Every structure is written in C-alpha cells, then in structure tokens.
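Novice: Sharing a structure, written as structure tokens. Questions coming.
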Amino acid sequence: AKSIVLNQDPSLPQAKPIKLRDTIAFRGKRVKVNGWVHRLRSQKGMTFIELRDGTGYLQCVLTGDLPKTWDAQNLTLETSLSIWGVIAPLPEGKTAPDNHELAADFFEVIGQAPSGDEAFSNRITKDTGADLKADLRHLVLRGEVASAVLKVRAGVLRAFRKSYEDMGLLEVTPPCMVQTQVEGGSTLFAFDYYGEKAYLTQSSQLYLETCLPALGDVFCIQESFRAEKSLTRRHLSEYTHIEAELAFITFDDLLSHLEELMCRTLETVLTDPKVAPLIKELNPTFEAPARPFLRMTYEDAIQWLVEHQIPNDEGEPHKFGDDIAEAAERRMTDTIGKPIFLTKFPVEIKAFYMKKVDGDPRVTESVDCLMPGVGEIVGGSMRMDDLEELMGGYKREGIGAEPYYWFTDQRKYGTTPHGGYGLGLERFLAWLCARYTVRDCSLYPRWTGRCTP
Ligand code: 4AD
C-alpha cells in the first residue's frame, strides 16, 4: 500500500515544547517532545516509540493513520524526531517509564538513522568486544547504563562542590601545564613548551599549598595526567582529581575532614531525586558507610596481610617497607568490607613532601582511603613545613630544587602545619556505582594506548 503523508491538525491546542524530565508535570496538556528513538516496536497496527532526550525517557504511541506513513514504516533506532500529543497515565497492566505514555497526534522525522548493516543495533550488540566498544564509546554513551553513570557523575561533582561550599573551602583552578612533578618522574607526560620541557600535571597539590596564605583552605576539581604503564581496571592516563589543602590542621583533623567530606557528599547524592534512583539501579545494595571509618596503620596492614597469607608481588610474605600492591590491597579491603583509612606509610614508598610522624621517623603522616571493590580512592598527607626538611626531601628523591622555588618559598614566608589529599573521581564512582572499571566512569577514558575517540 502506498504510504500516506499527514499534516498537523490546526484545530488542536498549541503544543508546549518540553524536555522529557518534565513529562509528569505536563500530563493532560498537548506537548511537543524532541528526542531519539531508544526502542521501537509495532503491534496491532500501532507503533510504540520509546523516546530518549538525555533528560529522560517517554513512551510514545502512534495510532490511526500515523503508523501507516512512510516515516513510521521506515522508522529506525536512533532516528531523531519531534512528536506532538498528550501524555496520559497508562491503563492497568501496562508498563512504561513513569507509568504514562504520549498519544501522538503528529510526528516529524528530523534525522533518519540507517537501517540494514549500518543500523544502530548492528553497530553494538551483546557480543561487541571491549576494544570495539571503546572505539564506539560515542555510541555506547547513548545506552542506559553508560548515560546513568555519567548522570551520577554530574550529581557527584555537584555534591562535592556543595560539601566544599558548606565546609568553607574556596575553589581554585590551577594550571594543567606545569614544570614540576608531584608523584614521581616515571608517570610524567612531557611535552615541548615553546622550546622548554613541560609536563601535564600529575596533581595540583603544590599549587593548592601556595593558595593557603592567600585564600585560606582551597580545593580544585581538575584533570590529572599519569603515564601509567600498567593496564589495570583502576588506572587512567587522564582522570578527574578532586584535591584540597587545609592550613593549621593536625593529621587527625585531616582524617576527620575527609570523613566529613565523603559522608556529606554521599548524603547529598543519596537524597538527590535526580541521582538517587540512578544509584539504586546501578548499585542496588549500596549503603553509605558508617562513621567513623576504620583506621589502620600501614604496619598493622602488613601484619594483617601476613596473618591472612596474602603474599607480596614477589610471592613472599609482606614485610615492613613493601609497597602494598593493588591485588593485595583489594583483597584486604574486600575482606574487611568497609572503608579503611590506611595511615602512616614508610618514608621510602611515599612522596618527597610528606611530613614524618613525630617520634617515629620511619613513617609519614599519610593516609590512603580504601573502599571495597576498588581499593585506594584517596591519597593524602600532612606536608613537610620545615624548610630544611623539605630540602632533604628533594635530595632523597633526586629532585632538583630550582623549579620548585615557589613551592619552597611557602616554607620561608610564614610556614604552617598543613595537609591535603587527592580523590580520584572515577574511582569514587566505580565504588558508588559498582562498576568493574574506572573506564566506565569517564566520558571518554584515556588509558595506555587509548586516546580515541
Ligand atoms: O595518591 P595520589 O598519587 O596522590 C596525589 O596525587 C597527591 N598529590 C594528592 C594530594 O595530596 N593533593 O593520587 C590521589 C588519588 C588516588 O587515590 C586515586 O584515587 C587517584 O588519585 N589516582 C588515579 N585515578 C585514576 N587513574 C590513575 N592513574 C590515578 N592515579 C591516582
């Protein structure tokens, strides 16, 4: 049969253009919605379109002559279109998002998506491997899970900013192009900067420290870059780093602040009507951790690993001074099953700037926060505030002090006890949303060999 072309009925009330997040409020009124075909099925002469616009989903039904049009007959997944009609609650026994559907009186295709080999459903299937999925990240994002994680990500960023605002820290935006290292030379991305050597920042910590006398306690949410050689499920080459620095505090204050920050932020997201339902979908059993978090020294962790016969990287029993490797750390965290503040790491395995514990110069006032399923999500410490000690720190790590003159100056002009930390946003999200890898928690993740799309 020849398809028919229909026109919009001019006698109908003017339609209000709305986003799909607002559908409940506009039930019973004639609306115009725009979006992409997320699901599609035809049944008993009717066409059911689940429309997606990024803000929500809406079932739309074409009845009467509408399903007989050429456009309806040739509709494909991911076609973009506008639909006019009235949203009404669903009859008993039917299900659709928000328990309502739009009865269309007119629709218009805007961008027809391909059918056949190039059809969206043939680009990504259940059998698409991880590599191809990474190449197709731009299409994967349209899926319900990937987009839900990114919406939670936005909510978590909002919540962190709110916590900081409420806790009295000021946001700053340090540079990404720098000439100093923070966390060791082996993971630096170097590049040519007008003939000089420069790096992509590994951490904004040193810059935050310089802000204390000028702006008080500060935080930043900035990309950090690490040329990690290993392919693990929790390492990215570029990640979003939430960092803060606080003056005139003790190590205990630092731990309390961290606990406060994380608990406040979780409370905000878990009571945010836009975010909480998504977390429930992604991680149905998630519960905010109880305070106080378990505190455990590095030395006790080594003991714990020995007792539980979890070997080090050489397959031998752990001993004081070992870096606790990712696998061992995760086994310990998963066994204990709740957040852990792991404290007081040995000087040798930590960064040049960390303050030593009073009365025990083997170890530093440092903390890693470990979460079940992920392991370390925060690394922080008190900083050396003594000039001579800092010079010794550079020396121990073989770092030339010259490029750090501005950092060193902090110890000359009114030094104070101070400390801070960095939290990896993707790791926090992997924990909160129960994702296997941090790669699923970044918009366009970068890792060893992967810089596309
Ligand atoms: O422990 P890190 O290296 O500490 C610092 O960079 C400090 N300078 C931060 C500070 O005190 N201001 O990194 C902090 C956190 C880690 O706990 C982890 O969550 C995250 O950053 N992180 C990574 N996340 C993803 N991919 C990587 N390659 C990461 N490296 C660190």
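Bear in mind that the values in this text are calculations on the coordinates, not laboratory data. Just so we're clear, the structure is a prediction, and the values are computed from it rather than from any experiment. All Cβ positions, even for glycine, are placed from backbone atoms using ideal geometry, and neighbour counts span all protein chains on display.
Novice: Going through region 126-218, which chymotrypsin sites (Phe, Trp or Tyr not before Pro) have at most 12 other Cβ atoms within 10 Å and a DSSP loop state?
Specialist: Values: sites: F160, Y164, F189, F191, Y193, Y194, Y199, Y207; in loops: F189, Y194.
Filter output for region 126-218: Y194.
Novice: Any chance you could check the Cα centroid distance between region 261-326 and region 1-53 for me, in angstrom?
Specialist: Between the Cα centre of region 261-326 and that of region 1-53, the gap is 47 Å.
Novice: Can you bin region 46-98 into rounded, prolate or oblate? Criterion: square roots of the alpha carbon gyration tensor eigenvalues sorted a ≥ b ≥ c, rounded for a/c under 1.5, prolate for a/b above b/c, oblate for the rest. Before the final figure, lay out each step's value.
Specialist: On the way: a/c = 2.00, a/b = 1.25, b/c = 1.60.
Cα axes put region 46-98 in the oblate bin.
Novice: Treat the count of other C-beta atoms within 10 Å as a stand-in for reagent exposure and order K395, K412 from fewest to most.
Specialist: Values: K395 12, K412 9.
Sorted ascending by nearby Cβ count, the order is K412, K395.
Novice: Where in region 328-428 are there chymotrypsin sites (Phe, Trp or Tyr not before Pro) that are in a DSSP coil and have at most 15 other Cβ atoms within 10 angstrom of their Cβ? Intermediate values should be presented prior to the final figure.
Specialist: On the way: sites: F341, F352, Y353, Y394, Y404, Y405, W406, F407, Y413, Y421, F428; in loops: F352, Y353, Y413.
Here the chymotrypsin sites (Phe, Trp or Tyr not before Pro) that fit, given the DSSP loop and packing criteria, are Y413.
Novice: Please state, to two decimals, what the Cα-based radius of gyration of region 355-439 comes to when divided by 2.2 N^0.38 Å (N = residues).
Specialist: Region 355-439 yields a ratio of 1.39.
Novice: Separate question: Using the Cα gyration tensor of region 253-375, with a ≥ b ≥ c the square roots of its eigenvalues, what is the shape: rounded (a/c below 1.5), prolate (a/b larger than b/c) or oblate (neither)?
Specialist: Details: a/c = 2.82, a/b = 1.58, b/c = 1.79.
Note, shape of region 253-375 comes out oblate.
Novice: Quick check: from the Cα gyration tensor, does the chain come out rounded (a/c under 1.5), prolate or oblate? Display every interim value, and only then the final one.
Specialist: Working: a/c = 2.37, a/b = 2.30, b/c = 1.03.
It comes out prolate by the Cα gyration axes.
Novice: Also: Loop only per DSSP, at most 11 neighbouring Cβ atoms within 10 Å: give me the trypsin sites (Lys or Arg not before Pro) in region 164-263, ordered by residue number.
Specialist: The qualifying sites are K229.
Novice: Most exposed first by the Cβ proxy, i.e. fewest other Cβ within 10 Å, how do T173, T364, T47 rank?
Specialist: Working: T173 10, T364 26, T47 21.
With the sparsest Cβ surroundings first, the list reads T173, T47, T364.
Novice: Treat each spin label as a single point 7 Å out from the Cα along the C-beta direction, and report the E196 to N99 distance in nm.
Specialist: Placing both labels 7 Å beyond Cα along the Cβ direction yields 6.4 nm.
Novice: Percent relative contact order of region 202-328, based on C-alpha pairs within less than 8 angstrom and at least six residues apart?
Specialist: Numbers: 105 pairs, mean separation 18.9, N = 127.
RCO, region 202-328: 15 percent.
Novice: How far apart, in nanometres, would the label points at T416 and K29 be if each is projected 7 angstrom from Cα along the Cα-to-Cβ direction?
Specialist: Roughly 5.2 nm, to one decimal.
Novice: How high is the FRET efficiency between K68 and T452 when r is their beta carbon distance and R₀ equals 41 Å, given to the nearest 0.05? If you can, show how the numbers build up before the last one.
Specialist: On the way: r = 43 Å, r/R0 = 1.05.
That pair, K68 with T452, gives E of 0.45.
Novice: Would you mind checking which residues have amide H under 5 Å from D105's amide H? H placed 1.01 Å from N; only 5 or more apart, or other chain.
Specialist: Those qualifying (amide H under 5 Å, at least 5 residues apart or on another chain) are W84, G85, V86.
Novice: Same structure again: May I ask you to evaluate 6.51 cos²θ - 1.76 cosθ + 1.60, the Karplus curve with θ = phi - 60°, for each residue of region 226-241 and list the ³J(HN,Hα) values in order in whole Hz, giving x for glycine and proline?
Specialist: Couplings: 9, 7, 5, 8, 8, 8, 10, 7, 10, 10, 10, 8, 9, 9, 8, 10 Hz.
Novice: For every helix of n ≥ 4 consecutive DSSP H residues, a contribution of -39,500 (n - 2.57) applies; sum these over the chain, divide by its total residues, and give [θ] at 222 nm rounded to the nearest 500 deg cm²/dmol.
Specialist: Details: 13 runs with 127 residues, N = 453.
Helix contribution divided over all residues of the chain: -8000 deg cm²/dmol.
Novice: Contour minus end-to-end for Q112 and S82, with contour as 0.36 nm per residue of separation and end-to-end as the Cα-Cα distance?
Specialist: Values: separation 30, 0.36 × 30 = 10.80 nm, distance 1.19 nm.
Stretched out fully, the Q112 to S82 stretch lengthens by 9.6 nm.
Novice: While we're here: Which of D117, D368, D385 has the fewest other C-beta atoms within 10 Å, and how do the rest follow up to the most? Could the numbers behind the result be given before it?
Specialist: Details: D117 7, D368 22, D385 18.
Exposure proxy ranking, most exposed first: D117, D385, D368.
Novice: While we're here: Apply the Karplus curve 6.51 cos²θ - 1.76 cosθ + 1.60, θ = phi - 60°, to the phi angles in region 175-184 and return the couplings in whole Hz, x for Gly and Pro.
Specialist: x, 8, 9, 9, 10, 9, 9, 10, 10, x
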